[in-house]
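A short write-up of the structure that comes next.
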Amino acid sequence: MEHRPIKTDADTRDHLVVIGNGMAGCRAVEELLARDPARYRVTIFGAEPRVNYNRIMLSPVLAGEKSFDDIVINDADWYAANGIALVAGDPVVAIDRAARTVTTRGGATESYDRLLIATGSDPFIIPVPGKDLPGVIAFRDMDDVDTMLAAADAGGDAVVIGGGLLGLEAAHGLSLRGMKVTVIHLMPTLMERQLDEAAGWLLKQALEGRGQTILTGADTAEIVGDGKVEGVKLKDGTLIPASLVVMAVGIRPSVALARDAGLAVGRGIQVDDHMVTSDPHVLAVGECVEHDGQVYGLVAPLWDMCRSLADGLVEQPTGYRGSVTSTKLKVSGIDVFSAGDFSGGDGCEDIVLRDASRGVYKRVIVKDDRIVGAVLYGDTADGSWYFDLLKKQEDVSDLRDLLIFGQSFASGGGAADPKAAVAALSDDAEICGCNGVTKGQVVSCIAKGAHSLDAVRGTCKASASCGSCTGLVENLLALTLGDDVQAGPKTMCKCTSFGHDDVRREIVAQAMRSIPEVMQKLHWTTPDGCSSCRPALNYYLLCALPGEYVDDQQSRFVNERMHANIQKDGTYSVVPRMWGGLTNPTELRAIADVVEKFNAPMVKVTGGQRLDIFGIKKEDLPAVWADLNAAGMVSGHAYGKSLRTVKTCVGSEWCRFGTQDSTGLGVKIERMSWGSWMPHKFKIAVSGCPRNCAEATIKDFGIVCVDSGYELHVGGNGGIHVRATDLLCKVATEQEAMDHCAAFIQLYREEARYLERTAPWIERVGVDYVKARIVDDAAGREALRARFLVSQSFSQDDPWAQRAEGAEAEHHAPMARFIPQEELA
Amino acid sequence: MTTPEWLDIGWVDQIPVRGSRTVQVEGGDDIAVFRTAEGKIFALLDRCPHKHGRLSQGIVHGGAVACPLHNWRISLSTGEALGEDKGCTPTVPVKIDAGRVLICRASTLKAAA
């Protein structure tokens, strides 16, 4: 395809040769023509055999929402009308800067006065075996779309490698075209460059709801097939069948031509503010350039670059100053917007709005009274408004309180005071959408004595479900009562308006399954929580979903992540389990060997009848555990919010006062309850007679043996506020004692707040409540016990053995070692 | 090959998201390298300004880490203690190149000394 106007001898104008018939090259020519249509004679070389089209609209073409004709920017008539020669389908393969000529693959040579390189970018192909098999393609041009459409006609399975913007658009199109699509994404969150964890989670949910399979944290090992692609194999061994594989893992500036010509090239072709390369006769524009250290892979910067370029070409230079970019996912029905920097940091303030019922997540990041970033999911109507404020660096302090509600709210009628905005609402305005409560109902409920948020939630139910109207209710309380508002129960932390009990109740009621889901559905005000709420949520989910919930290691306190106790010097102490406080020569020898082998400076007998080995380096922990495991010992959980120790006295087997086999019972109870995660640490003791040598009456669960059976005591602890136990009941047999113990542990696990020990919990709920649940209600007790045993069937897995075998080695080994002397040597 | 000013310490993916790894410096303190939920990488001396707790062992949230010893919150970008607490941990400039994490050699030596 060639349009070559006859060159007249009279045409002595400078010749501008453009390499690249894409969006950047043609836009630059358009800008030039708009300024001075007669100044240059123009020739454009394009690698693709077609006219200039809008590459970013390939996704709608794939999805069947547009045709190729719809996305053509400049048709053949435009080239002809402007006297532009188009050489399409014969790409330039060499530049001779000394002779000022370019040469095409077909052998044609053209001389230039000014050369513009607009070669764009190349898709990055990950170097795995099978990458060259037929059926493995990128998603870059119309030929790729044609290949995908042909594959979709045949039906079957497609795999898209890369869960970024382009990959998800490809997956969406293929899915609409009837293929069964699996997206493989290396990172834990989709579109992690544009979206934060919360928005990424919502997006994943939505795409899965549309029938796509999304595998995050999945690393491609190879593409398999005999003569054509047949599937993708992951590093974990999973094989996913596929007749089509689309690689959309990223793009790289296309710089080979420029580099071969000896131009200055960094990550892209280096240009100045006027898009001039290291050779003053050669310019470059678009995705192939590097300006001020930045490389852009989005369309918006092109427009600014092309303006500056054209200004320079007509000798009225203005200069390009870099671009701030925003992105929008073109998947119909899923609205995602992101702009600027959303990584937070110092002085940055997050304003977060979550509306679970509408599936909306909005986050605006403000620094020094200016918007620096925005992430919107579900409602992107205000994306352009935020982006505008961001680009103009406008002071938003006056809008601050209403900013997150969007432009119509924030700039409406100067009502910049949220209280004034609430005051201005009519009595029949709906405050709580979940429970259909109007402003009038909330105000009358406050007037009748509900003087706290909790009281309002308890009476008229406003803000009792998703909590998104909490701010409105608080403003109504303040308006109605002034200073008489009573503080509600303590919230879990500053990230939420809900207390622990509310969060736990909703986790179960709404069957929530992950931390990001809880944060979204309960309107967390921070993107990824804090060091208070994350461990609590992790525990609540673990407790609610035994065997199903995957523990989030990064939401664990250090001791539970390292399975040892951190000491003030950064070393760890290690306590192997000794069932019921019993030990033997093999275990003692193994402990002695570990102490010597790893130079542990101290060994200490603990209050819970164990041996504590001090001063172990984190790198040595797996080796220490391997040695202890070899002698039959497992983790003592001395580090956890978990069952710590069962302390015993010697009992009837040896002691002249002993009434029952307290050591034997202690061992059985420890075998039953070890490994269980709890709201806080949990200690048990069994004493063989009322002399109580095992100090059972200051333990969370204590058994005191008597001639006629077993006294069961609960809710004791030592510590700052010593509390003796309450007597729960007396039982006749060992089995009953164990059953009551299991039921009590489970009640505590399910109902106490995170970091609340049994003593304050029982003082809060009353020992009568505990007796009613454990002693009086036999069926309830049995159900609690059964739930505990189910949970235990998943948690009695020695974490030391897993680590000793190499699991999660990154927790122990340093990433690198730096030895300055050797480097110098 | 590492350029003289920057030390190549490994792949970004080697650091857990919302987690940390350490770089041992012979004859000095460790450097802690963090990766936030947003994928940003920061490097700090692995020592809380309060009682010298190992920041690498703390919980990473937002752009901060909570020290494992007494829960001081330290900004990953400036090393300053946040909230009511006062103190500062030396930071080490980081750059990412083609998925590799590079830390500033001079700052590493100065911080670890």
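Nothing in this text is a laboratory measurement; each read-out follows from the coordinates by a stated rule. This one's a predicted model, so the numbers in the text were calculated from it and none came from an experiment. Don't worry about glycine lacking a Cβ; one is built from the backbone with ideal geometry, like all the others, and counts go over all protein chains shown.
The mean number of Cβ atoms from other chains found within 10 Å of a Cβ in peptide B:28-40 is 5, as a whole number.
Excluding same-chain neighbours fewer than eight residues apart, the lysines reachable from A:Lys668 by a Cα-Cα span under 24 Å are A:Lys641, A:Lys647, A:Lys681, A:Lys683, A:Lys699, A:Lys730, A:Lys771.
Relative protection proxy for A:551-559, A:23-31, A:74-82, from highest mean packing down: A:23-31, A:551-559, A:74-82 (other beta-carbon atoms within 10 angstrom).
Answer rounded, prolate or oblate for the range A:747-817, using the Cα gyration tensor with square roots of eigenvalues a ≥ b ≥ c: rounded when a/c is under 1.5, else prolate when a/b is larger than b/c, else oblate. Oblate, because a/c is 1.5 or more while a/b does not exceed b/c. Other chains' Cβ within 10 Å of B:60-73 residues: what's the mean? Partner Cβ neighbours, averaged per residue: 5.
If R0 is 30 Å, the Cβ-Cβ spacing of A:Ala544 and A:Glu756 corresponds to a FRET efficiency of close to 0.95.
Shape of the range A:38-149 from its Cα gyration tensor (a ≥ b ≥ c, root eigenvalues): rounded if a/c is under 1.5, otherwise prolate when a/b > b/c, or oblate?
Oblate shape, in that a/c is at least 1.5 and b/c is the bigger or equal ratio.
For the protein assembly as shown, DSSP calls about 70 percent of its internal beta bridges antiparallel.
For the range A:536-604, applying the loop criterion from DSSP together with a ceiling of 12 other beta carbons within 10 Å to the GluC sites (Glu not before Pro) yields A:Glu548.
Semi-axes of the equivalent ellipsoid of the range A:165-285: what are they in whole Å, largest first, if each equals the square root of 5 times a C-alpha gyration tensor eigenvalue?
Each semi-axis is the square root of five times an eigenvalue, giving 36, 19, 13 Å.
Calculate, for B:Trp11 and A:Ala801, the FRET efficiency according to 1/(1 + (r/R0)^6) with r their C-beta to C-beta distance and R0 30 Å; round to the nearest 0.05. Using R0 = 30 Å, I get an efficiency of 0.60.
Shape verdict for the range A:78-144, please, from the Cα gyration tensor: rounded (a/c under 1.5), prolate (a/b greater than b/c) or oblate. Judged from the Cα gyration tensor, the range A:78-144 comes out prolate (a/c at least 1.5, a/b above b/c). Full extension of the chain segment joining A:Glu808 with A:Ala732 gains 22.8 nm, where the gain is 0.36 nm per residue of separation less the Cα-Cα distance. Here the range A:495-644 is assigned +1 on the Cβ of each Lys and Arg and -1 on the Cβ of each Asp and Glu. Its dipole about the Cα centre then comes out at about 240 debye. On the beta carbon distance between A:Lys419 and A:Asp388, with R0 = 30 Å, the FRET formula returns roughly 0.60. Taking every Cα-Cα distance in the range B:56-110 and sorting them into 10 Å bins from zero, the calculated P(r) comes out as 23, 45, 28, 4 percent. Straight-distance candidates among the lysines for linking to A:Lys419, with alpha-carbon spacing under 26 Å and chain neighbours fewer than 8 residues away dropped: A:Lys362, A:Lys367, A:Lys439, A:Lys448, A:Lys461, A:Lys490, A:Lys494, A:Lys521.
In the range A:235-342, which trypsin sites (Lys or Arg not before Pro) fall in coil by DSSP and have 14 or fewer other Cβ atoms within 10 Å?
Those satisfying the criteria are A:Lys235, A:Arg321.
In this simple spin-label approximation, A:Asp501 and A:Val605 carry label points 7 Å from Cα along the Cα→Cβ vector, and these lie 4.4 nm apart. Taking packing as the residue-averaged number of other Cβ atoms within 10 angstrom, the listed peptides A:775-787, B:52-64, A:448-460 run from highest to lowest as B:52-64, A:448-460, A:775-787. Stretching the chain fully between A:Val706 and A:Arg656 yields a gain of 16.7 nm (0.36 nm per residue, less the alpha carbon separation).
Inter-label distance, A:Ala772 to A:Asp14: 9.0 nm, where each label sits 7 Å from its Cα along the C-beta direction. Each Lys and Arg contributes +1 and each Asp and Glu -1, all at the Cβ; summed about the Cα centre of the protein assembly as shown, the dipole is approximately 2320 debye.
Global size of chain A: 34.5, 124 Å for Rg and Dmax (C-alpha atoms, Rg to one decimal, Dmax whole). Taking a quarter of the surface of the Cα convex hull of chain B gives a mean projected area of 6.5 nm². Just add up the charged neighbours of A:Gly297: K/R +1, D/E -1, any other residue whose Cβ is under 10 Å from the Cβ of A:Gly297. Surrounding charge for A:Gly297 is +1.
Computed from Cα atoms, the angle from the helix A:383-392 axis to the main principal axis of chain A rounds to 70 degrees.
Each label point is 7 Å from the Cα along the Cα-to-Cβ direction; what then is the distance between the points at A:Thr583 and A:Ala221, in nm? With each label point 7 Å from Cα toward Cβ, the separation is 4.4 nm. Working ranking of peptides A:681-689, B:83-91, A:291-299 by packing, defined as the average number of other Cβ atoms within 10 Å per residue, highest first, is A:681-689, A:291-299, B:83-91. The mean count of C-beta atoms from other chains within 10 Å of the C-beta of residues in B:43-52, rounded to a whole number, is 1. Stretching the chain fully between A:Thr109 and A:Lys490 yields a gain of 129.4 nm (0.36 nm per residue, less the alpha carbon separation).
Placing a label point 7 Å from the Cα of A:Asp569 along the Cα-to-Cβ direction, the residues of the range A:607-639 whose backbone N falls under 17 Å of that point are A:612-621. Ordering A:Ser323, A:Val646, A:Ala600 by Cα displacement along the dipole of chain A toward the positive end leaves A:Val646 in first place; charges were set at the Cβ atoms of Lys, Arg (+1) and Asp, Glu (-1).
Could you work out how far helix A:142-154 tilts from the main Cα principal axis of chain A, as a 0 to 90 degree angle to the nearest 10? Value to nearest ten degrees: 60.
For the range A:467-594, relative contact order (Cα pairs under 8 Å, six or more residues apart, normalised by length) works out to 16 percent.
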